[in-house]
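For reference, the structure discussed in these notes is given below.
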Amino acid sequence: MTSVTFAASRDEKSAAALVLFVGEGGQFSAGAEAVDKAGGGQLGRAMKAANFTGKKGKVLEVLAPAGVSASRVLLAGIGEGAKADARTFEDLGGEIAAKVQTTDAELAADFTGIADLAVGTDVAAAHFAHGVDLRNWRFDTYRTKLKDEQKGKLAKLTLIGAAASAKPLAERLAAVAAGVAFAKELITEPGNIIYPESFVARVKAKVEPLGVKVTVLDEKELAKLGAGSMLGVAQGSVRPARLLAMEWNGTGDEKAVPVALVGKGVTFDTGGISLKPGAGMEDMKWDMGGAGAVAGMMVALAGRKAKARVVGVCGLVENMPDGNAQRPGDIVTSMSGQTVEVLNTDAEGRLVLNDCFTWTQRQYKPKVMLDFATLTGAIIISLAHHYAGVFSNSDALWGKIESSGKAVNDLVWRQPLSEKGGHYDQLIDSPVADMKNLGPREGGSITAAQFLQRFVDDGVEWAHVDIAGAVWRPKAGALHDKGATGFGVRLVDKLISDHFEG
């Protein structure tokens, strides 16, 4: 994580890369104006040569600037000041972190004399730091031959001229960024490193020092509880299944009703006997993206001491095709007592989640439950990598999720869902069991959600978030490199903060 410090004024001797802000039409902030004056107008000339006008989100780099000791100056365009909000500065922080990540160990951003913003300077500075922190994450664990110029160096950020109130907000956002980073770490690790038992060990080591209570059920305990659906997926692997529950209670009330978060944790998905094509199968290390996101959410909420009671439950299995693997046509009995005809062993995530739903509702009796899962390739066909699909039995809960997602740019789009017994629901009726785990070719994401809804207790507000397209992206974004995005962590943090904290 990036270390953040605060300073009242710029250190004239610092060699840190220096960020200065410019408004629409080339309007300098006071800090930028001072540096331009010290350099004999060099910044203004560079702007004219590059046709840089301070447009929102644009960055102009000036190397070895005259008049200051900084290694480089980065002129950051904020556009019209009255429209420059927290997101503007967050994205600028991410853009600049990507530029200097491998060149500078230190970065300084001068907020002196930025006037008439849509947010206070303290908020702008804290969100700039958040953007830097999010985008600065790297995963170089197994890269042993990186050249020096390829290695990540950026370790320190100094915020200059920001109000003192920026510090607590920056610290709160840093805790959230730590949750995002942990989710990315779990999702990026290969399947030979992260599997059910090692996932549990790594998460316990991370969350228990934060005050999170951890409960782990092994395969024998799951069998005793009747989790035949989840265990059916795991039976083809030498890696035994685990159910991991994490509980954070920041309310001070042991009887507070928790919000439940459930994550699909298929640590590697071959498809089982219904084997996936070989091309691209290596990506299936991130089929535990829902569980990784839930673990990251718990790190974020506990790290910032959220005044809410939240439980995170992860169903952890590996889906492999050995001689003991589940067969197409098998019928399994879920923990709820409902039976499932397994038509395709690659529609396994829903088989894991349904037992997690039942256990979570019995154990914690939540009134609100969200699940996060890389559940269907069909959602990527529908929404590409820009949105996650949300299916919910509650208009009110959907509205809260949508607004929270927009606020942090974890974008979601609502998908259709029938009531139990409705037209979409009938597509998963089985002639030999209570239901089948696969509907027709069309509407694949919808029938998957319909399957899950059959395991939601009456009276529970529920939302299923299919993050298959959002959890891993082929191109870099403002706040993430290509690969794992940590999607969902910031959304849930915002959701809890706005709607479920006392």
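Out of (1) outside any strand (DSSP E or B); (2) more than 24 Å from Gln326 (Cα to Cα); (3) in contact with a Leu (Cβ under 7 Å, 6 or more places away or on another chain); (4) not β-branched (Val, Ile, Thr), the odd one out for Trp248 is which?
(1)
Report every pair of residues separated by at least 6 positions or lying on different chains whose Cβ atoms are under 9 Å apart, first residue within the stretch 234-257 and of a type in the set (Lys, Arg), second open to solvent by 30 Å² or more (accessible area, probe 1.4 Å).
So the pair list comes out as Arg239/Tyr195; Arg239/Glu197; Arg239/Phe268; Arg239/Met320; Arg242/Glu197; Arg242/Val216; Arg242/Asp218; Arg242/Glu219.
Looking at His127 and the list (1) open to solvent by less than 40 Å² (accessible area, probe 1.4 Å); (2) more than 30 Å from Gln42 (Cβ to Cβ), which single condition is not satisfied?
Here His127 meets the rest and fails (2).
Quick check on Arg304: is it in contact with a Lys or Arg (Cβ under 6 Å, 6 or more places away or on another chain) and either on the phi > 0 side of the Ramachandran plot or basic (Lys, Arg) (or both)?
Yes, satisfied.
Could you please tell me which pairs satisfy a Cβ distance under 6 Å, a separation of 6+ or placement on different chains, a first residue in the stretch 344-355 that is closer than 10 Å to Asn319 by Cα and among the charged types (D, E, K, R), and a second residue that is open to solvent by less than 10 Å² (accessible area, probe 1.4 Å) and outside any helix (DSSP H, G or I)?
Close Cβ pairs satisfying both conditions: Asp346/Gly271; Glu348/Asn319.
Condition check ((1) assigned to a loop (DSSP other than H, G, I, E, B); (2) free of Cβ contacts under 8 Å to residues at least 40 places away in the same chain; (3) not basic (Lys, Arg)) across all residues:
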{"residue": "Ser14", "(1), (2), (3)": "yes, no, yes"}
{"residue": "Phe21", "(1), (2), (3)": "no, no, yes"}
{"residue": "Ala49", "(1), (2), (3)": "no, yes, yes"}
{"residue": "Gly54", "(1), (2), (3)": "yes, yes, yes"}
{"residue": "Val73", "(1), (2), (3)": "no, no, yes"}
{"residue": "Ala76", "(1), (2), (3)": "no, no, yes"}
{"residue": "Ala98", "(1), (2), (3)": "no, no, yes"}
{"residue": "Thr112", "(1), (2), (3)": "yes, no, yes"}
{"residue": "Asp116", "(1), (2), (3)": "yes, yes, yes"}
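Give just the number: which of (1) closer than 16 Å to Thr2 by Cβ; (2) surrounded by fewer than 14 Cβ atoms within 10 Å (Cβ to Cβ) does Tyr142 not satisfy?
(1)
The values are calculated or read from the model by the stated rules, or taken from the named source; none is laboratory data. Because the structure is a prediction, the values reported are computed rather than measured. All Cβ positions, glycine included, derive from the backbone under ideal geometry; neighbour counts span all protein chains shown. Side chains are part of the model used for accessible areas, which takes the heavy atoms of the whole protein and leaves out ligands, DNA and RNA. Shrake-Rupley method; radii C 1.70, N 1.55, O 1.52, S 1.80 Å.
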